[in-house]
Amino acid sequence: MQNYSYNNPEALKSLIDPARVHRDVYVREEIFKLEMERIWGQAWIYVGHESQVRSAGDYLTTTIGLTPVIMVRDMNGRDINVLVNRCGHRGAQVCEARNGRADGIFKCPYHGWTYRTDGALRSQPSPAGYRDVGFDAGATDFGMPRVARTGQYRGFVFASLSATGPDLADFLGDMRETIDNMVDRAPEGAVEVTGKTCHRFRHPVNWKFFTENLHDAMHPMVAHAGTSDAVRQYKEQLAPDHDPLPEAEVIAPFGGSYDFFDEMGFVGLPHGHGYMGGGISIFSHYQVYPDYLEAMEQAYGRERTEEILSFNRHNGLIYPSCTIRDNIQSVRVVIPVSVNETIIESWTFRLKGAPPNMLERTLRYSRLINSPASMVGPDDLDCYIRIQESAEAGAIEWIDMHRHYGREQRDGDKVRATGTSDMVLRNQYAAWLEYIT
């Protein structure tokens, strides 16, 4: 491990070569702290969906980087506020529950200070002790501060700890089309989170391994070979007239060929965002249920329905905090904990106006692919751990990103590459370096 401190831009730039990244980005506490300040403290971070706070006082707690926050529906029933989850008195975390209803106030469990859902201080016990001592109950310092910026796009709520930077629409850029497609797949033109819980998967590794793997099209045929082979062998034992297996529809694409993933392609976008597919994806072969198609055509007409359903992106990454699968209506959220610990949350969504079989497929996908006990996710985690351990032990100095280096094509602010190109990594680290320096 290098001995010098990364306390200047040149030292930080030394970590990223055009086609390789130094192992210190995964193991140095110093680098992790800079990421929390300069990436997670600057970018727009996904917080949640408006359907998770339907009524006045409803709230959800999460973090932006290492900063605990509360997303809460204001008592006016209209606004959604994102507050820093700390008391203005001694800084204690005010709200511990993952979700609930505030009934108009948040109360600190230490000294009982209370706050309104807009963060303003409401009261303190025994107020006489604060008279004539220079205490100003209306000062913002004593409230629960709102984050610097909060924004929504079609019900998806993002927040930024920084008062400067691009607005949300510019930050999302072309990723708005992924969100649009997910919402447009609902006959009623709206989606909602299913339930109040999610699959919560603790990873004992650096957060970047997950974002790197999202568009890594070289690993499925290797890391997931056991799963896809088992499904194929099981199907071969079935009678020719056996009903189709819903589980096989989900798992089969993970045994796809290199040619298939190359054809799918990758598009890199500003700010580290990106997606695979467009014309085709691993969801292209999914059957279209007749009752769902009927509901869509009644809502949109045949031509518009065909346009919506032919949109085939895979794993749309909104860097650094979430990935959206519009075709299967799931969002996975990245929550950094430490330099070598990350939580991945998988949330499923319901298409309003769609028949129950659509939600059943979404839940089936989440169970088989994203959950801690899934048939695919643990394969990925095993690989992340192997790299993390090598980096921590100093067994490897540089992580390679040479595949198809220099073969990508620029198209305005987009970078297009073949699906198995390491451009998926290079695009993220270009953004990483821009943030971090």
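Exposure proxy ranking for VAL133, VAL231, VAL94, based on other Cβ atoms within 10 angstrom of each Cβ and starting from the fewest, stands as VAL133, VAL231, VAL94. Applying the criteria of a DSSP loop state and at most 13 other Cβ atoms within 10 Å to the GluC sites (Glu not before Pro) of the stretch 380-423 yields GLU397. If you average the alpha carbon positions of the stretch 58-78 and of the stretch 308-351, how far apart do those two centres end up, in angstrom? About 19 Å separates the Cα centre of the stretch 58-78 from the one of the stretch 308-351.
Remark on ILE80: its backbone amide H falls under 5 Å from those of ASP74, a criterion applied only to residues 5 or more positions apart or on other chains, H modelled at 1.01 Å from N. Which Cys residues of the chain have no other Cys Cβ less than 4.7 Å away and so no disulfide-compatible partner by this rule? By the Cβ distance rule, which asks for a partner under 4.7 Å, the isolated cysteines are CYS95, CYS198, CYS322, CYS383.
In loop segments of the stretch 92-193 as defined by DSSP, the GluC sites (Glu not before Pro) with at most 16 further C-beta atoms inside 10 Å of their C-beta are GLU96, GLU188. Counting only alpha carbon atoms, the long axis of helix 290-300 and the longest principal axis of the chain meet at about 60°. Measuring between alpha carbons in the structure, the pairs from LYS107/LYS208; LYS107/LYS352; LYS107/LYS196 lying more than 24 angstrom apart are LYS107/LYS208; LYS107/LYS352. In the chain, a dipole from Cβ-located charges (positive for Lys and Arg, negative for Asp and Glu) runs towards its positive end, and of ALA225, VAL147, VAL27 it is VAL147 whose Cα lies farthest in that direction.
This ranking places VAL21, VAL47 by how few other beta-carbon atoms lie within 10 Å of each, fewest first, which gives VAL21, VAL47. For a test of the definition: using alpha carbon positions, the gyration tensor, and the 1.5 limit on a/c, classify the stretch 45-160 as rounded, prolate or oblate. Prolate, since a/c reaches 1.5 and a/b exceeds b/c.
In the elastic network of the chain, a GNM with C-alpha springs shorter than 10 Å, the most mobile of ARG73, ARG86, ARG386 is ARG386.
Taking amide H atoms as placed 1.01 Å from N in the peptide plane, the amide H of TRP113 lies under 5 Å from those of CYS108, each 5 or more residues away in sequence or on another chain. In the set (i) 27.0, 81; (ii) 23.2, 86; (iii) 22.5, 91, the label that goes with Rg and Dmax of the Cα atoms in Å computed for this structure is (ii). Among SER421, SER14, SER5, the ranking by other beta carbons within 10 Å of each residue's beta carbon, starting with the fewest, stands as SER5, SER14, SER421.
Rounding to the nearest 10 and keeping the result within 0 to 90°, find how far the Cα-based axis of helix 356-365 lies from the longest principal axis of the chain. Compared with the principal axis, the helix lies near 90 degrees.
Bear in mind that the values in this text are calculations on the coordinates, not laboratory data. Keep in mind it's a predicted model, so treat the numbers as computed, not measured. All Cβ positions, even for glycine, are placed from backbone atoms using ideal geometry, and neighbour counts span all protein chains on display.
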